[in-house]
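Asker: I have a structure here, written as structure tokens, and I will follow up with some questions on it.
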Amino acid sequence: MAKPKASFICQNCGAVHGRWQGRCEACGDWNTIVEEGSSLSAPIGPGGVRIGKGRIIAMEGLTGASLDAPRLPAGIAELDRVTGGGFVKGSVILLGGEPGIGKSTLLIQAAAALAKRGQRVVYISGEEAVAQVRLRADRLGLADSPVDLAAETHVDDIVATLSAGKTPALVIIDSIQTMWTSAVEAAPGTVTQVRGSAQALIRYAKTTGAAVILVGHVTKDGQIAGPRVVEHMVDAVIFFEGEGGHDFRILRGLKNRFGPTDEIGVFEMRGNGLNEVANPSALFLGTRDPNAAGTSVFAGMEGTRPLLVELQALVVPNGMGTPRRAVVGWDTSRLAMILAVLEAHGGVRLGQYDVYLNVAGGLRIAEPAADLAVAAALVSSLTGNPLPIDMAIFGEVSLSGAVRPVSHTGHRLKEAAKLGFTRAAAPLAQQAEESDRAVGIHAIERIADLVALVAAGKPVRTVERVARDG
Ligand code: TYD
Ligand code: MG
């Protein structure tokens, strides 16, 4: 065999370069390229096809017997919702999250729940000693669950051990960054090692039918540190996230070959571990002040579940210089669009104001349906007029100033009614006719209708002038 050739691999994105360079051309990151020995499992590029060594593979058609993916529910409803009804046998899930967010806690809780129901669950900790994992389980009141526990980082030993015994239903590897395999020549923690270890574990899952969960740490900017390559190899990627200072934790699917990716699971971290939050709307609404201007309640959807959340806006005159726009939990460019539409079609000029927008509870919203609620919070803050406390808002704003209907109007209204809201400002949709009439609808056709509703007779421009002069 030829002498293994060294390659230069970006530790951020996994791109392979022929020589060392300061900046990775693939992802643009600096100082991420490290020389690593070639790996046996490295992909064979064009021109490198091995001939004469392969075996002939049998082809099959698309039709034929295919069993419905057999699932293994964890028994934790918020987790099962995100996986799509349980872990699929033989599949591999990457669970990403910042250090300390609660990944190990969630997984030991899931492991214990499964083990208690008679499934064999193996928990391999590469970061903590067995005693530490036991201590946590003890604190969570799970010490008596029959989980097979080991502290190990050598993947070859792990796979050999797993293959020797009864095939477990679930194997948890905490974390993939600590794992190494002798199959590749590279230091532990490098992309090559992480990829090699993940490959070995994925092969184990596919050949035995055990479900495998790989824990992956995430850097500040939200990338699963180093093993971004792993994201492409696994069947599902789920993220565990939370905002500093809040006890809520949100589990979110990013990729799922066997289920939805728009569902979220909501947990609360307490002294006794992670508790499921069955009614997240109540949590994200919190206690509200009926006299506070600048807040609105958005009736949103997260996957198939309606979710009410408070949006907070603060609009303050900017003395001089470039006005500030700061957003937490929403898209900055979307805010710029709403500001432009408010100015062009609503007569609300915020060019001289600093604008701050915050989604309560540390939630992150991606739905365009939040447009109208954002606009309402902005106008409310500008005019000082609080919105009615029992009003929920949703609707997509288009650049023409028209407010478009959004999906699931009925679901949104039902959730609002359930939480005691009696009115909604929303575009008129056909579904609204059939839906729960417990909520009265203020039909909003254009952004100007909303401005009129929120400003309630106060001329927006006068308010602006007063604010600027004052
Ligand atoms: P952990 O699961 O170790 O995080 P990760 O594996 O993602 O790094 O969680 C650690 C944090 O959770 C730690 O700051 C303490 C907190 N915690 C609680 O608040 N309650 C609990 O019952 C447990 C076990 C941890
Ligand atoms: Mg951990």
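The values are calculated or read from the model by the stated rules, or taken from the named source; none is laboratory data. In this text, all values refer to a predicted model and were calculated from it rather than measured experimentally. For neighbour counting, all protein chains shown are included, and Cβ atoms are generated from backbone atoms with ideal geometry for every residue, glycine included. Accessible surface areas use protein heavy atoms only, side chains included; no ligands, DNA or RNA. Shrake-Rupley method; radii C 1.70, N 1.55, O 1.52, S 1.80 Å.
Asker: Can Ser197 be described as open to solvent by less than 10 Å² (accessible area, probe 1.4 Å), within 16 Å of ligand 2 (Cβ to nearest atom) and polar (S, T, N, Q)?
Answerer: Against the criterion (open to solvent by less than 10 Å² (accessible area, probe 1.4 Å), within 16 Å of ligand 2 (Cβ to nearest atom) and polar (S, T, N, Q)), Ser197 does not qualify.
Asker: Another question, if that's okay. When residues of region 133-147 are filtered for being buried (at least 17 other Cβ atoms within 10 Å of the Cβ) and not in a helix (DSSP H, G or I), how many remain?
Answerer: Residues in region 133-147 being buried (at least 17 other Cβ atoms within 10 Å of the Cβ) and not in a helix (DSSP H, G or I): 4 in total.
Asker: Here is a further query. Inspect region 326-347 for any residue being out of contact with any Phe, Trp or Tyr (no Cβ under 9 Å at 6 or more places or on another chain), in a loop (DSSP other than H, G, I, E, B) and of a type in the set (S, T, N, Q) and give the result as yes or no.
Answerer: Among the residues of region 326-347, not one is out of contact with any Phe, Trp or Tyr (no Cβ under 9 Å at 6 or more places or on another chain), in a loop (DSSP other than H, G, I, E, B) and of a type in the set (S, T, N, Q), which makes the answer no.
Asker: Residues in region 335-374 that are free of Cβ contacts under 8 Å to residues at least 60 places away in the same chain and polar (S, T, N, Q): how many?
Answerer: 1
Asker: State whether one or more residues within region 108-122 are assigned to a strand (DSSP E or B), out of contact with any Cys (no Cβ under 9 Å at 6 or more places or on another chain) and closer than 22 Å to Ala74 by Cα.
Answerer: The answer is yes, given that some residue of region 108-122 is assigned to a strand (DSSP E or B), out of contact with any Cys (no Cβ under 9 Å at 6 or more places or on another chain) and closer than 22 Å to Ala74 by Cα.
Asker: Could you please find all residues in region 422-470 being modelled with pLDDT under 90, under 36 Å from the mean Cα position of the chain (by Cα) and crowded, with 17+ Cβ neighbours inside 10 Å?
Answerer: Ala429, Ala432, Ser435, Val439, Ile441, Ala455
Asker: With Val130, Val159, Val171 as the choices, which residue is of a type in the set (Val, Ile, Thr) and crowded, with 22+ Cβ neighbours inside 10 Å?
Answerer: Being of a type in the set (Val, Ile, Thr) and crowded, with 22+ Cβ neighbours inside 10 Å holds for just one of Val130, Val159, Val171, which is Val171.
Asker: With the structure loaded, tell me whether Phe267 is open to solvent by less than 60 Å² (accessible area, probe 1.4 Å), under 18 Å from the mean Cα position of the chain (by Cα) and over 21 Å from Gly216 (Cβ atoms) or whether it fails that test.
Answerer: Considered against the rule, which asks whether it is open to solvent by less than 60 Å² (accessible area, probe 1.4 Å), under 18 Å from the mean Cα position of the chain (by Cα) and over 21 Å from Gly216 (Cβ atoms), Phe267 comes out as no.
Asker: Take the conditions charged (D, E, K, R) and surrounded by fewer than 16 Cβ atoms within 10 Å (Cβ to Cβ) and apply them to Arg334. Does it pass?
Answerer: Taking the combined requirement at face value, the residue does not satisfy it.
Asker: Kindly indicate whether any position in region 155-170 is modelled with pLDDT of 90 or more, within 16 Å of ligand 2 (Cβ to nearest atom) and in contact with a helix residue (DSSP H, G or I) (Cβ under 9 Å, 6 or more places away or on another chain).
Answerer: So far as region 155-170 goes, no, none of its residues is modelled with pLDDT of 90 or more, within 16 Å of ligand 2 (Cβ to nearest atom) and in contact with a helix residue (DSSP H, G or I) (Cβ under 9 Å, 6 or more places away or on another chain).
Asker: Sticking with this one: Quick check on region 249-268: of everything there that is touching a Lys or Arg at 6+ places or on another chain (Cβ under 6 Å) and part of a strand (DSSP E or B), which residue is modelled with the lowest pLDDT?
Answerer: So the residue we want is Ile264.
Asker: Then there's this: Since Leu214 meets every condition but one in (1) modelled with pLDDT of 95 or more; (2) open to solvent by 50 Å² or more (accessible area, probe 1.4 Å), which condition does it not meet?
Answerer: Result: Leu214 passes all but (2).
Asker: I'm checking my understanding of the structure. Among residues of region 107-120 that are out of contact with any helix residue (DSSP H, G or I) (no Cβ under 8 Å at 6 or more places or on another chain) and within 16 Å of ligand 2 (Cβ to nearest atom), which one is farthest from Leu142 (Cα to Cα)? Let's see the steps before the verdict.
Answerer: Kept after step one, since they are out of contact with any helix residue (DSSP H, G or I) (no Cβ under 8 Å at 6 or more places or on another chain), are these residues of region 107-120: 107, 109, 111, 113-120.
Next, only the ones that are within 16 Å of ligand 2 (Cβ to nearest atom) stay: 107, 109, 111.
Working: Leu107: 12, Gln109: 8, Ala111: 10 Å.
It comes out as Leu107.
Asker: Just name the residue that is most open to solvent (accessible area, probe 1.4 Å) out of those in region 74-106 that are basic (Lys, Arg) and more than 16 Å from ligand 2 (Cβ to nearest atom).
Answerer: Lys89
Asker: Could you give every pair whose Cβ atoms fall below 7 Å, whose first residue belongs to region 103-119 and is within 12 Å of Phe267 (Cβ to Cβ), and whose second residue is of a type in the set (Val, Ile, Thr) and within 9 Å of ligand 1 (Cβ to nearest atom), counting only separations of at least 6 or pairs across chains?
Answerer: Within 7 Å, the pairs are Lys103/Val215.
Asker: Here's a follow-up. Kindly list, by first and then second residue, each pair from a residue in region 195-211 that is within 13 Å of Val234 (Cβ to Cβ) to a residue that is open to solvent by 20 Å² or more (accessible area, probe 1.4 Å) and among the basic types (Lys, Arg), limited to pairs with Cβ atoms under 6 Å and residues at least 6 apart or on different chains.
Answerer: Ala211/Lys89
Asker: Can you pull out the residues in region 299-331 that are open to solvent by 60 Å² or more (accessible area, probe 1.4 Å) and β-branched (Val, Ile, Thr)?
Answerer: Correct list: Thr304, Thr322, Val328.
Asker: What about Ala186, is it over 29 Å from the mean Cα position of the chain (by Cα), of a type outside the set (Phe, Trp, Tyr), assigned to a loop (DSSP other than H, G, I, E, B) and away from ligand 2 (no atom under 16 Å from the Cβ)?
Answerer: Yes: the conditions hold for Ala186.
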